[in-house]
Amino acid sequence: MVKIMLDAGHGGKDSGAVGNGLREKDLTLNIVKKIGNLLNDYEGVEVHYTRTDDRFLELSERAAIANKLKADYFISVHINAGGGTGFESYIFNNTKDAKTIAYQNVIHAEIMKGIGNVTDRGKKRANYAVLRETHMPAILTENLFIDNANDAAKLKSEQFLLQVAHGHVIGLEKAFGLKKKAKPQPQPKPQQKVSDKKLYRVQVGAFADRENAERLAEELKKKGYPVYITD
Ligand SMILES: [Zn+2]
């Protein structure tokens, strides 16, 4: 079982960045829920959230929730601001953990693939609290700039947010070797080919009068029996 801790950045009194009629805390929650829903299609994944509604959590609380749960991976989703455009991801600046680095490589690449024509600002490192204080491999994604009109236009599209979520999920699929649950197949009808069936022939009788034979044949046909008259 792989335990994934999804962390929607900001919340409650902390809106995060705002711009172009958007609030970071709403977008991060939206994306994180989409990631969680998509992850439910996979076997052996336990999805956890630091928050599922609009509430404030300290950064250290977020890390503590993941540590207490002994999550296998921590993903903090954010929206950037401050003049710029595009996508970037972060891992803890001092990490030497091979998994942390490998997961960033694959998840960053899949998000970039998933969101199409967006500037790749690169795989970065920073001394962020949620990355420093979590005891498991962790990543923080900065998904476009809320204060950039072009980026904001994308962030207003549910379809784009789904692409962002999908990129995270394909990255996780590859990083952790996740397998999709078998889809429930529509129950196949027990349909046997006529040629495969053993057929039993019922001879009804011989009639001196063809008319009588035809009358009985008609009756049987009405009931759905295949009837042939032979000389
Ligand atoms: Zn943020």
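The values are calculated or read from the model by the stated rules, or taken from the named source; none is laboratory data. From a predicted model like this one, the values you see are computed outputs, not experimental measurements. Here the Cβ is made from the backbone with ideal geometry for all residues, glycine too, and neighbour counts use every protein chain on show.
Before moving on, here are some points about what is shown:
- The set of residues in the range 146-188 that are in a loop (DSSP other than H, G, I, E, B) and under 20 Å from Gln104 (Cα atoms) comprises Gly177, Leu178, Lys179.
- Matching residues in the range 116-137 - criterion: being among the hydroxyl-bearing types (Ser, Thr, Tyr) and under 16 Å from Asn80 (Cβ atoms): Thr119, Tyr128
- Residues of the range 27-44 satisfying the condition of being in contact with a Lys or Arg (Cβ under 8 Å, 6 or more places away or on another chain) and under 23 Å from Ala102 (Cα atoms): Tyr42, Glu43, Gly44
The rows are residues; the columns are (1) of a type outside the set (A, V, I, L, M, F, W, C); (2) under 20 Å from the mean Cα position of the chain (by Cα); (3) farther than 14 Å from Ile146 by Cα.
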| position | (1), (2), (3) |
| --- | --- |
| Met1 | no, yes, yes |
| Ser15 | yes, no, no |
| Gly44 | yes, yes, yes |
| Glu58 | yes, no, yes |
| Asp72 | yes, yes, yes |
| Val77 | no, yes, no |
| Ala81 | no, no, no |
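- Checking Asn67, Asn127, Asn94, Asn117 one by one, the residue that is farther than 19 Å from Ala153 by Cα and modelled with pLDDT under 95 is Asn94 and no other.
- Any strands (runs of 3 or more DSSP E) falling wholly within the range 24-109 and containing at least 2 residues that are within 13 Å of the ligand (Cβ to nearest atom), in contact (Cβ under 8 Å) with a residue 24 or more places away in the chain and buried (at least 16 other Cβ atoms within 10 Å of the Cβ): 73-80, 87-92
- Residue match in the range 3-15 (condition: without any contact (Cβ under 8 Å) to a residue 12 or more places away in the chain and within 12 Å of the ligand (Cβ to nearest atom)): yes
- Positions within the range 110-127 being over 22 Å from Phe176 (Cα atoms) and either acidic (Asp, Glu) or free of Cβ contacts under 8 Å to residues at least 12 places away in the same chain (or both), in sequence order: Asn117, Asp120
- Remark: Asn143 matches the filter, which requires a residue to be crowded, with 21+ Cβ neighbours inside 10 Å and not in a helix (DSSP H, G or I).
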